[in-house]
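The values are calculated or read from the model by the stated rules, or taken from the named source; none is laboratory data. Fair warning: this is a prediction, and the values are worked out from it, not measured in the lab. When we count neighbours, we look across all protein chains shown, and the Cβ atoms used for this are built from the backbone with ideal geometry, even at glycine. To get the accessible areas, we keep the full protein, side chains included, count just its heavy atoms, and leave off ligands, DNA and RNA. Shrake-Rupley method; radii C 1.70, N 1.55, O 1.52, S 1.80 Å.
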Amino acid sequence: MADITIYTSNTCPHCYAAKDYFNSKGLSYTEKNVSVDPQARKELIEMGYMGVPVIIVNGETIVGFDRNRLEEIL
């Protein structure tokens, strides 16, 4: 089982697409919504990112919803 964390916001269409993708594959993930979670926002900034989605799969970071890259590593 993949360890998946996705940083999202309430206004990000690519975040919704990524969550739909994981749901369609039956994959569970941890969502950290920077719109409502100050700690998640702080973590994202400390990693050097300002935009979402940022998806971390088994320690590998993917910036944006890159379906092809996700298919490769899942």
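List of remarks:
- The chain - percent of accessible surface contributed by carbon and sulfur, probe 1.4 Å: 48 percent
- Only helices enter this figure: runs of n ≥ 4 DSSP H residues, each worth -39500 (n - 2.57), summed and divided by the residues of the chain, yield -11000 deg cm²/dmol at 222 nm to the nearest 500.
- Using alpha-carbon coordinates, inclination of helix 13-24 to the longest axis of the chain, degrees: 40 degrees
- Quarter of Cα convex hull surface for the chain, i.e. mean projection, nm²: 4.5 nm²
- Annotation: per residue accessible area for the chain equals 59 Å², rounded to a whole number [probe 1.4 Å, protein chains only].
- A Förster distance of 22 Å, applied to the separation of the beta-carbon atoms of Ser24 and Ala2, puts the FRET efficiency at 0.95.
- Partners for Lys25 among aspartates and glutamates (Cα-Cα distance below 16 Å; same-chain residues under 8 apart left out): Asp3, Asp66, Glu71, Glu72
- Here's the list of lysines a cross-link from Lys42 could span, going by alpha-carbon distance under 19 Å and ignoring same-chain residues fewer than 8 apart: Lys32.
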